[in-house]
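Here is the structure we will look at.
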Amino acid sequence: MQHFLDIHKTSTSDLRAIIDDARAVKEARAGRPKGMADDEQPLSGHMVALIFEKPSTRTRVSFDVGVRQMGGQTMVLSGSEMQLGHGETIADTARVLSRYVDMIMIRTFEENTLMEMAEHATVPVINGLTNRSHPCQIMADVLTFEEHRGPIKGKHVVWLGDGNNVCASFLHAAGQFGFDLTFAGPETLDPEAEAVGFARDQGVRIKLERDATKAVKGADLVVTDTWLSMHDPQSARERRHNQLRPYQVNDALMAHAKSDALFMHCLPAHRNEEATSQVMDGPNSVIFDEAENRLHAQKAIMRWCLNHTS
Ligand code: CP
Ligand code: NVA
């Protein structure tokens, strides 16, 4: 068994195997009703706990559906309703849950919570988003890019806005899958130095740019995310909006990227803030393919955790 904690903590060959497996898993059930079981049932008899300390639509539903398609059962738990939210240690929670379930997916605040869970659980633990990263999302995004445009290796990705958790996972992916990434945003919202350093150490080009128009030149993929993440205080909203308005993804900005540049957003979006509806619903947008691919990518991640990758 193995944990899926972060893209930079998983080997490039395993990441590639997961993406290829996700494609195969997706193709194998193409056209079937969502509630119909897969031919292969690697999670048969398995119970999976899905723990949420933050809200979720995509992660919650895609993991739940994915587990069921692979023959397993799920238990969706809210952190605040568990003893975890009332003083029980993460280590004890991990030990106890490992006696009841075969796999744990957790969405939480501090990265340390995830790490402690993984350290003390005797079943695989999957990162469903922390304040610092969102690896399942970026695995779905790599799958989506490659379905539309072929290998992501050597491509140029431009991230606009807040250098947040999703941006950090994109930087990890840049290093692991071998693509260049330009971040465009204000200096105060630069992505964390550790993620930038990781990608640079793998030999890819990472640029930090202040000018949105300059940044998107030659982009194969333009990505943005909400200007205020779930862990950010609401009091930061006005300042963030003022700082980030020049980085809105709109048709005028997309005109400076390659003409076939894709547009991605992990969702949920605040339409006409970080990206306009014209771009989100436009011909270059693949936002709903990304959302769908959460299901297929995560099924491949769970298969990998249980050593079922084909
Ligand atoms: N993109 C994503 O993780 O969405 P949810 O917050 O709805 O799970
Ligand atoms: N950056 C966002 C992603 C939501 C899926 C957040 O952390 O709230």
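Quick note: the coordinates plus some simple rules give every number you see, no bench work behind them. These numbers come from a predicted model, not from an experiment. Ideal geometry is used to build each Cβ from the backbone, glycine not excepted, and the neighbour counts take in all protein chains shown.
Assorted remarks:
- Over the stretch 114-194 - Rg/Rh using Cα atoms and the Kirkwood inverse-distance radius: 1.02
- Amide H within-cut-off set for Asp162, under 5 Å, with H built and near neighbours excluded: Asp225
- Taking one quarter of the surface of the C-alpha convex hull of the stretch 46-185 gives a mean projected area of 9.2 nm².
- Other-chain or far-sequence residues with amide H under 5 Å of Leu129's (modelled H): Thr108
- Each residue of the stretch 215-230 was assigned a 3J(HN,Hα) from its phi angle through the Karplus curve 6.51 cos²θ - 1.76 cosθ + 1.60 (θ = phi - 60°); the sequence is 5, 7, 4, x, 5, 8, 8, 10, 10, 9, 8, 3, 7, 10, 7, 4 Hz, with glycine and proline shown as x.
- The order of Ser285, Ser98, going from fewest to most other C-beta atoms within 10 Å of their C-beta, is Ser98, Ser285.
- Local electrostatic count, Glu88, Cβ distance below 14 Å [Lys/Arg +1, Asp/Glu -1]: -3
- Approximate spin-label separation Arg99-Arg205, in nm, with each point projected 7 Å along Cα-to-Cβ: 5.7 nm
- Per residue, the convex hull around the alpha carbon atoms of the stretch 1-73 comes to 118 Å³.
- In terms of distances greater than 22 angstrom between alpha carbons, the cross-link table entries Lys54/Lys207; Lys9/Lys153; Lys9/Lys214; Lys155/Lys214 yield Lys54/Lys207; Lys9/Lys214.
- Amide H contacts under 5 Å for Leu262, placed H, 5+ residues apart: Leu221, Val222
- Relative contact order, percent, the stretch 1-131 [alpha-carbon distance under 8 Å, six or more residues apart]: 29 percent
- Cα centroid separation, the stretch 68-111 to the stretch 126-177 (Å): 25 Å
- The calculated pair-distance distribution of the chain uses every alpha carbon pair, bins of 10 angstrom beginning at 0, and gives 6, 28, 35, 23, 7, 0 percent.
- The fraction of Cα-Cα pairs per 5 angstrom bin, counted from 0 for the stretch 238-287, comes to 5, 21, 33, 23, 13, 5, 1 percent, rounded to whole percents.
- Among Met105, Met115, Met280: highest mean-square fluctuation, GNM of the chain, C-alpha pairs under 10 Å: Met115
- Paramagnetic reach from Ala269 in the stretch 180-211 [backbone N under 15 Å; point 7 Å along Cα→Cβ]: none
- Label point 7 Å beyond Cα of Gln278 along Cβ direction - residues of the stretch 223-253 with amide nitrogen under 11 Å: 250-253
- The stretch 155-282 - percent relative contact order, Cα under 8 Å, separation 6 or more: 28 percent
- Listed residues Thr89, Thr144, Thr182, most fluctuating in the chain (Gaussian network, C-alpha, under 10 Å): Thr89
- Chain lengthening between Thr12 and Ala255 when straightened (0.36 nm per residue, less Cα-Cα): 84.2 nm
- The chain: most fluctuating residue of Asp281, Asp141, Asp190 per GNM, C-alpha cutoff 10 Å: Asp281
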